[in-house]
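Notes follow the structure.
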Amino acid sequence: FMSEGAFVDVRPHAAKGGTDESTDAWDTIDWLVKNVPGNNGRVGVWGISYPGFYAAQAAVEAHPALKAVSPQAPVTDWFLGDDFHHNGAFFLAEAFDFYSSFGKPRPKLIKKANWGFEYEAGDAYDFFLGLGAIAHADEHHLHGEIAFWNEVMQHGTRDEFWRARDPRPFYRNVKPAVLTVGGLFDAEDCWGALATYRAFASQSPGNEVGLVMGPWSHGGWARTDGDHLGDVAFGAKTSQFYQERIEFPFFQRHLKGRTGGRSAGATGGAWVFETGINLWQHYPSWPPPASRQQALYFHAAGGLGISPPSAAEDSAGLDAYPSDPAKPVPYRDQPAPRIEPDYMVGDQRFAARRPDVLVYQTAPLAADVTLAGPLEANLSVVVTGTDADFVVKLVDVYPPDVSDPEPNPTGVRMAGYQQLVRGEVMRGKFRNSFERPEPFVPGEVTAVRFALPDTSHTFRVGHRIMVQIQSSWFPLVDRNPQTFVDIYRAKDSDFRSATHRVLRTKEHPSSLKVTVARGQLP
C-alpha cells in the first residue's frame, strides 16, 4: 500500500525485452543469490491466490537458481474459470466486494487498508437484488474510481484484453520442479489450480510436475486445520498432512537435497484427497490413468442412470421450469452479508424444493462409487428467451439414518443432507465461443455443453447421486437478463422472465458425464 507506480492486474506476458512478472522474478532472484550471505544458490518460490500467479510466472524462462516452484490456488484466467468469471458468467458479489476496496485509488501513502464493502443490507442477496442491473454498481457505489472494474465492464467477451491475461501458453519447457496446490472446495481458484497443473504437465514433458488437491476452501491448507468445512467433516487435519508430508519435503528435496524423513513417499504425480471416505490418494498423474468416463442420463420422474432415454420412456420427454430474474435462486439457504466459502459443500435441500430447480437422482447405491476427474454437462435445451444461464450441480444425498455430529453447535440435521460436491455455471450465449456470443433462437432445440471443475468424491453405499439444474445462482453469479444484450450495459427493462426446458429423449438426451475411478454407476 505504499508502493509507487501503477498496478496492472494480471499483467500480460511481455514481448522479449519487456518487463513483466517473470522478468521481475528473475531480477529479484538474481539480486538475492548475489547479496544474501550464506545462501546455497538454490531458490524456491510459493504463493497463494494472486501470489500463486506470481509463483507460476517465476517459472517462465526461470533464473538458473530457481529450483522449486509451488503455485497455490493460482489466479489463471479471469474470464474462463477463476474469481470473477466462470464460463463467461460474472461472479458478481465476489468481484464487487474485492474491487470496491482493492482497486480503490490511494493518492496518499497509507500503511493499512480497510478491506470489504460496507453493505447497506444485512444480506448480500437483498443488496444486489436491490441494486438492479450491474451498471448501477458504478453509478451508485463505485463512482468511476475503480479502474479495473471499469475495464471489466468494457470487456464482456473473451477479447484480446482477456486472452492476453491467460498465462498458460507460456508454461512451456520450464526447468524448476513444479507443485501446484488447490482446494477441491475453493470458491475462488479451484479451476486455476487444475488448469495450471495441466498447462505445466502438458507443455513441460520430462520435468517434475505435481498436483495437490485437498478438501479446502481458498488457501485453507495454510489458514485452517482442514478437518472440516461447514457441516462436512474430513476426519483428520488434512492441512497438517499436506504441510509436513508433501509441501515441506518438496522444498527440502529441491533446495537442500534431502529426502526421506516425514515425506509421504511418492514424488510427482497427484496427491488428491477423496472426500466421502476421507482418504488421501496418490496417482501417477491426474486424472487417474485407470479411470473411465461415463454418462449419467436424465430420465422421467427425476430419474438418473447410465442407460440413455428410450423412445417409449414418456410422451413429453422434457422437464420445464421457470426462470425469473426478479426471484433468482439463492446460492445458499441462509442470509449473509458476504459470500460464505462453505457454500461449496452446503446443503442443497432448499434448492431442490424450489419450482425453478430440476432434480434428478439415482436409487440408493448398492456399493460405493468413486468419481475422480473431469465432469461435463451435456444439455439439450429449449428456451423462450434469447439468452440463459445454466447451473449444473453434482450432489451427494445422504441416507435418512445418518447421525448428527457430536457436538452439534449449529443444530445441523445430516439425515437426508444434500451435500454439494461440485457446481458450475455456463452463460448460454458463450456456448459455442467465448469470443463471439450467440443468441438462442426461442423454441429451438439447442445443445449446451460445458466442463465443471474436476472432483474427487466417493458416494457411499446407501447414498444417492443427484444432479440439480437451475438458471440462477444469486448473488454469487449476476443475473442473466434472458435477452441477448451486453449484460454489463443492460438496463433494468432488459430483464425478462422465461421458461426453460431440458430435453431427455432418445434424439435429444441430457446428461452429466463423470469420471469413474472405482465402482459401478447404477
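The values are calculated or read from the model by the stated rules, or taken from the named source; none is laboratory data. Fair warning: this is a prediction, and the values are worked out from it, not measured in the lab. Positions of Cβ are generated from backbone atoms using ideal geometry, with glycine treated the same way; all protein chains shown enter the neighbour counts. Please note that ligands, DNA and RNA were not included when accessible areas were found on the heavy atoms of the full protein model with its side chains. Shrake-Rupley method; radii C 1.70, N 1.55, O 1.52, S 1.80 Å.
Place a +1 charge on the Cβ of each Lys and Arg in the stretch 145-276 and a -1 charge on the Cβ of each Asp and Glu, then give the dipole magnitude about the Cα centre in debye, rounded to the nearest 20.
Value, rounded to 20: 800 debye.
Just the number please: accessible area per residue for the chain, 1.4 Å probe, all protein chains included, in Å².
For the chain, the solvent-accessible area averages 42 Å² per residue.
Could you tell me which of rounded, prolate or oblate describes the stretch 292-433, using a ≥ b ≥ c as the square roots of the eigenvalues of the alpha-carbon gyration tensor, with rounded for a/c under 1.5 and, failing that, prolate when a/b is larger than b/c and oblate otherwise?
In terms of gyration-tensor shape, oblate.
When N counts the residues of the stretch 1-146, how does its alpha-carbon radius of gyration compare numerically with 2.2 N^0.38 Å, as a ratio?
Here the answer is 1.30, to two decimals.
Once the whole set of protein chains is in place, how much accessible area is left on Trp280, using a 1.4 Å probe, in Å² to the nearest 10?
Near enough 50 Å² of accessible area.
Loop-only check: which GluC sites (Glu not before Pro) in the stretch 1-66 are DSSP coil with at most 14 other Cβ within 10 angstrom?
Those satisfying the criteria are Glu4.
For Ser315, what charge total do you get from the other residues with a beta carbon under 15 Å from its beta carbon, if Lys and Arg give +1 and Asp and Glu give -1?
Every neighbour counted, the sum reads -1.
How much of the accessible area of the chain, in percent, comes from carbon and sulfur atoms when a 1.4 Å probe is used?
Accessible surface attributable to carbon and sulfur in the chain totals 52 percent.
Nearest-5 percent of antiparallel DSSP beta bridges in the stretch 1-131?
The antiparallel proportion sits near 25 percent.
Got a sec? Charge dipole of the stretch 2-98, +1 on Cβ for Lys and Arg, -1 for Asp and Glu; which of Tyr54, Thr76, Pro12 is way out at the positive end?
Going by the charge dipole, the pick is Tyr54.
So for the chain: antiparallel DSSP bridges make up what percent, rounded to the nearest 5?
Taking every DSSP beta bridge within the chain, about 75 percent pair in antiparallel fashion.
Determine the shape class of the stretch 295-368: with a ≥ b ≥ c the square roots of the Cα gyration tensor eigenvalues, call it rounded for a/c under 1.5, and otherwise prolate if a/b is greater than b/c, oblate otherwise.
oblate
Within the stretch 31-132, list the trypsin sites (Lys or Arg not before Pro) lying in a DSSP loop whose Cβ has at most 14 other Cβ atoms in a 10 Å radius.
On the way: sites: Lys34, Arg42, Lys67, Lys108, Lys111, Lys112; in loops: Arg42, Lys108, Lys111, Lys112.
Here the trypsin sites (Lys or Arg not before Pro) that fit, given the DSSP loop and packing criteria, are Lys108, Lys111, Lys112.
Take the Cβ-Cβ distance between Arg172 and Ser493 as r, set R0 to 60 Å, and report the resulting FRET efficiency rounded to the nearest 0.05.
Rounded to the nearest 0.05, the efficiency is 0.80.
If you wrap a convex hull around the Cα atoms of the chain, how much volume per residue is inside, in Å³?
Expressed per residue, the convex hull around the Cα atoms of the chain is 162 Å³.
Net charge within 11 Å of Met466 by Cβ-Cβ distance, Lys/Arg positive one each and Asp/Glu negative one each, not counting Met466 itself?
+2
Can you sort Tyr54, Tyr360 by 1.4 Å-probe accessible area, starting with the largest?
My answer, sorted largest first, is Tyr54, Tyr360.
In the stretch 335-446, if the dipole is taken from +1 on Lys/Arg beta carbons and -1 on Asp/Glu beta carbons about the Cα centre, which of Tyr343, Val369, Tyr398 is farthest to the positive end?
Checking the options against the dipole of the stretch 335-446, the answer is Tyr343.
State the Cα centre-to-centre distance between the stretch 483-499 and the stretch 390-447 in whole Å.
The stretch 483-499 and the stretch 390-447 have Cα centres separated by 23 Å.
From the square roots a ≥ b ≥ c of the eigenvalues of the alpha-carbon gyration tensor of the stretch 203-322, which class results: rounded (a/c under 1.5), prolate (a/b over b/c), or oblate?
Prolate, since a/c reaches 1.5 and a/b exceeds b/c.
Within 13 Å, Cβ to Cβ, of Ile146, how many net charges do the neighbouring residues add up to if Lys/Arg are +1 and Asp/Glu are -1? The partial results should precede the final answer.
Numbers: positive: Lys104, Arg106; negative: Asp9, Asp97, Asp138, Glu139, Glu145, Glu151.
Net charge around Ile146: -4.
Have a look at Leu318, Ala352, Ala300 and report the one farthest towards the positive end of the charge dipole of the stretch 270-359, computed about the Cα centre with Cβ charges (Lys/Arg +1, Asp/Glu -1).
Ala352
Do the sum for the chain: with -39,500 (n - 2.57) for every DSSP H run of n ≥ 4, divided by all residues, what is the mean residue ellipticity at 222 nm, to the nearest 500 deg cm²/dmol?
About -4500 deg cm²/dmol.
Need the C-alpha centroid separation for the stretch 201-240 versus the stretch 6-76, integer Å.
The distance from the Cα centre of the stretch 201-240 to that of the stretch 6-76 comes to 22 Å.
Normalised radius of gyration for the stretch 445-499, please: alpha carbon Rg relative to 2.2 N^0.38 Å, two decimal places.
Rounded to two decimals, the normalised Rg is 1.65.
With label points built 7 Å along Cα→Cβ from the Cα atoms of Val8 and Arg353, find their separation and express it in nm.
With each label point 7 Å from Cα toward Cβ, the separation is 5.2 nm.
When the dipole is taken about the Cα centre of the stretch 429-510, and only Lys, Arg (+1) and Asp, Glu (-1) are charged at their Cβ, what size is it in debye, to the nearest 20?
Approximately 320 debye in magnitude.
Can you give the relative contact order of the stretch 283-411 as a percent, counting alpha carbon pairs under 8 Å and 6+ residues apart?
This gives 25 percent for the stretch 283-411.
Compute the distance in nm between two label points, each set 7 Å from the Cα along the Cα-to-Cβ direction, one at Asp24 and one at Arg518.
Simple spin-label model gives 4.5 nm for this pair.
Treating the beta-carbon of each Lys and Arg as +1 and of each Asp and Glu as -1, no other charges, what is the dipole magnitude of the stretch 1-119 about its Cα centre, to the nearest 20 debye?
480
Using the Karplus curve 6.51 cos²θ - 1.76 cosθ + 1.60 with θ = phi - 60°, work out ³J(HN,Hα) for each residue of the stretch 142-153 in order, rounded to whole Hz, and write x for Gly and Pro.
Result, rounded to whole Hz: 9, 6, x, 8, 9, 4, 5, 4, 5, 5, 4, 5.
Take the residue pairs Lys16/Lys513; Lys104/Lys393; Lys34/Lys111; Lys16/Lys429; Lys67/Lys237; Lys429/Lys506 and return only those whose Cα atoms are more than 32 Å apart.
Lys16/Lys513; Lys104/Lys393; Lys16/Lys429
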